[in-house]
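Input: a single structure, listed below in C-alpha cells.
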C-alpha cells in the first residue's frame, strides 16, 4: 500500500535514534582531541631516524650512505656526509650524517627510503599531528627532530622492530664470532711465536687484531639492555 | 474519573491556575497600563508583535540545535556538542558567524530586489503568526477571515523566493526558484483544499472559532477533527502539503545541493542567508501551528482532566511535536525527483483532497450516528488504496523503442 515504506523507514530511524542513547556499540564516534584510538601497527606517516641508547647523536644508526637520498622519488631527503668516522653498532668505523634533513611538505610517505636502507636506520613514524604555522622551516625536519629512540620504534611498530633487532643481533653475533675466532687464531699464533722467540714481525699483527673485540665491547655499552631481544 | 474531573474543575476555579493560563495576557495588560490611554490599543498590539518576534526566532535557535542533534542520533552520531553545555550555545556561535560574514552581492545582480527578497520572506512569514491562537485569549488579531489571511501571507512567500532566484542572476538560483515556485503553487492548492474541509464543518474562517468548535469532550476524550475520518485524511494531506510548502525534506528539491548548489539562496551569504534560514523555519512553525489549530484542537488539552495545564503549553507542545516529526522525516526520507513531486501533487493528493471535500459534506449532512463513520471511512480508505495503486504505480522508463524505424 502507498506509504507503508515510509512508515517502515520512520520505524527504522526511530530505532536508531533511541538505540543510540541506549547501546554504546551504535555510537562509534571517537571525540578526537580528547579521545583517541591507538594507531594501527602498520600505519605510516613520515620517516624518522632510529638511534640506539639514550644519546641520539652517539647512537644514530645512519651511516650517511645516501642510498635513501638517491632513491627518494620526490627528492625530499638532504644528507651531508661527515668528514670523520665513528664506530657503528658492530664497531666498524663509519661516517655519520653531519646533516640529515627531510622536507615533509615534499615527502609522499612512500616508504622507499625505509625499504632501501641497509642499516635499519630510517623507519616510518605514526605521528600525524604535524600542523605548524611555519610552512617552510617548520616542515623541514633536521636530524635532531627526526631522531627517535629504538624504544619508541618498539612502541609504535612492535612486530617489525623485534624482527629488526633480531636481525641486527644476529649480524653482530656473527661479527663478534668472527672477531673472536680471529683473536683466538692470533693468540694461538702469538703463543706459537712465544715458543719460537725469534719472530718480531708477528707481534704487530696480533696487536692489530686485538682492536676488533675492544670496539665490540664499546658498542655493547652504548646499546640498551633489551636491545637484542 | 468523576473525582478527577471534579478536581480539574476545582483547579480551573483556582485563581493561581487561571493566572498561569492567562499569564501573558495579564502581563501585556499590566505593561499597557503604563501607556497613556490614547495609545493603549496600539501599544497592546506592538507588545504582542514584540512577543511573537522574540519567541519564534528563539524557538528557531533551539530547533536548529535540536535538529542537528536529533539528526545526529538518527545517524548514530553525537551531533554538535562543543559550544556550551551539550552544544546548546551552538546557535549563538552560528549567529555571530553569520553576522560577521561578508555580505556578497553578485556584480550583475539586481541589488534592490536581491536585498528585498529575504526581508519579504521573513515579514510575510511573521504575518502568518498574527492570526494563530497560541492559547486561550492569546491571538494577536482575531480576524473573521483569519485562515484566508494566513494563506494569503503564505502565498506571498513564493514571491520572495522568486525574487531571490531571479535577482541573483545565477542559473542555479533561477532553476531553484522555478522549482520552488512550481512546487509551492502545486501544493498550495492541496493545502488550501485540505483546510477547506475544516472550514466546512466549523463554519468559520476565524481560527479561534475553529478551536472553539473543537472544544468539546466526550467523557474525557476531545472532539478534535483529527479523530474523524475526513479529519484524518485531511490532516495527512495537509501534513504532506505543509512539508512541501516549507521546502523541507523529502520535498527540498529547490535547494537540492547535489544539482543546484543551494537553490534560490545560492547567492546569499551572511545575515541575508540567515534570514532565509529563519524564514524557512518560521514557515515550518506557522504551518505546524496552523495544522495544530485546524486538526489538533489548537491550545486545547488532549484530555479534559488535563485542562488545568496552561493552554499555551499545549499549543507550543503540539507545535514542537510537529517540529519533531518534521525532523524525523528529514532524517528518514530521501529527496524526491521533480516528476515524482509533480505526479504526487496533481495525481494523488489533489483528487484525494477533492474527494475528501465530498466526504466532509457527506459527514456534515448524514447527521449524528455511527453510519457516517462507516460510510466516510470506507470511502476514504478505498480511495486511498485505489489512488495509491493506480496513480502512484511504478513507471518503468527504458530505452525508447521505435515502432517503425527499426
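From the list B:320, B:329, exactly one residue is surrounded by 14 or more Cβ atoms within 10 Å (Cβ to Cβ), under 30 Å from residue B:130 (Cβ atoms) and within 14 Å of chain A (Cβ to nearest Cβ). Which is it?
Just one listed residue meets the conditions, B:329.
So which of B:95, B:70 is within 14 Å of another protein chain (Cβ to nearest Cβ), assigned to a helix (DSSP H, G or I) and closer than 29 Å to residue B:320 by Cα?
None of the others qualify; the one that does is B:70.
Check region A:64-80 and report whether any residue there is within 17 Å of the chain's Cα centre (by Cα), closer than 28 Å to residue A:180 by Cβ and in the same structural domain as residue A:136 (by TED's automatic domain parsing).
Taking every residue of region A:64-80 in turn, at least one turns out to be within 17 Å of the chain's Cα centre (by Cα), closer than 28 Å to residue A:180 by Cβ and in the same structural domain as residue A:136 (by TED's automatic domain parsing).
From the residues in region A:7-47 that are in contact (Cβ under 8 Å) with a residue 40 or more places away in the chain and buried (at least 16 other Cβ atoms within 10 Å of the Cβ), which one is farthest from the other protein chains (Cβ to nearest Cβ)?
Among them, the one singled out is A:47.
Need at least 1 residues that are surrounded by fewer than 20 Cβ atoms within 10 Å (Cβ to Cβ), at pLDDT 85 or above and within 18 Å of the chain's Cα centre (by Cα) per element, so show me which helices (runs of 4 or more DSSP H) inside region B:185-295 make the cut, counting only ones lying wholly within it.
B:229-245, B:270-295
Here is a list of conditions, (1) more than 27 Å from residue B:123 (Cβ to Cβ); (2) touching a helix residue (DSSP H, G or I) at 6+ places or on another chain (Cβ under 6 Å); (3) surrounded by fewer than 16 Cβ atoms within 10 Å (Cβ to Cβ), and residue B:80 meets all of them except one; can you say which number that is?
Only one criterion is unmet by residue B:80, namely (3).
Among the numbered criteria (1) in a loop (DSSP other than H, G, I, E, B); (2) at pLDDT 85 or above, which one does residue A:1 miss?
Among (1) in a loop (DSSP other than H, G, I, E, B); (2) at pLDDT 85 or above, the lone unmet condition for residue A:1 is (2).
Of the residues B:340, B:371, which single one is more than 12 Å from every other protein chain (Cβ to nearest Cβ), without any contact (Cβ under 8 Å) to a residue 40 or more places away in the chain and closer than 29 Å to residue A:14 by Cα?
B:340
Against the conditions (1) closer than 19 Å to residue B:283 by Cβ; (2) surrounded by 14 or more Cβ atoms within 10 Å (Cβ to Cβ); (3) more than 14 Å from every other protein chain (Cβ to nearest Cβ), where does residue B:89 fall short? Just the number, please.
(1)
Can you say whether residue B:302 is closer than 23 Å to residue B:203 by Cα and assigned to a loop (DSSP other than H, G, I, E, B), as far as the supplied structure shows?
yes
Of the residues that sit in region A:90-138 and are in a helix (DSSP H, G or I) and modelled with pLDDT of 90 or more, which one is farthest from residue A:53 (Cα to Cα)?
Here the answer is A:112.
Scanning for something touching a residue at least 60 places away in the same chain (Cβ under 8 Å) and closer than 22 Å to residue A:1 by Cα, does region B:309-320 turn up at least one residue?
no
Would you check if residue A:62 is more than 14 Å from every other protein chain (Cβ to nearest Cβ), under 27 Å from residue A:156 (Cβ atoms), touching a helix residue (DSSP H, G or I) at 6+ places or on another chain (Cβ under 9 Å) and assigned to a loop (DSSP other than H, G, I, E, B)?
Answer is yes for this residue.
Return the only residue of B:353, B:377, B:349 being away from every other protein chain (no Cβ under 14 Å), assigned to a helix (DSSP H, G or I) and crowded, with 18+ Cβ neighbours inside 10 Å.
Criteria check complete, one pass: B:353.
Of the conditions (1) surrounded by 13 or more Cβ atoms within 10 Å (Cβ to Cβ); (2) without any contact (Cβ under 8 Å) to a residue 24 or more places away in the chain; (3) under 19 Å from residue A:59 (Cα atoms), residue A:155 satisfies every one except a single condition; which number is it?
Residue A:155 satisfies all of (1) surrounded by 13 or more Cβ atoms within 10 Å (Cβ to Cβ); (2) without any contact (Cβ under 8 Å) to a residue 24 or more places away in the chain; (3) under 19 Å from residue A:59 (Cα atoms) except (1).
Looking at region A:65-87, which of its residues are touching a strand residue (DSSP E or B) at 6+ places or on another chain (Cβ under 6 Å) and not in a loop (DSSP other than H, G, I, E, B)?
A:68, A:69, A:77, A:78, A:79, A:80, A:87, listed by residue number.
The values are calculated or read from the model by the stated rules, or taken from the named source; none is laboratory data. A quick note: this is a predicted structure, and the numbers were derived from the prediction, not measured. Note that we place each Cβ from the backbone using ideal geometry, even for glycine, and neighbour counts take in every protein chain shown.
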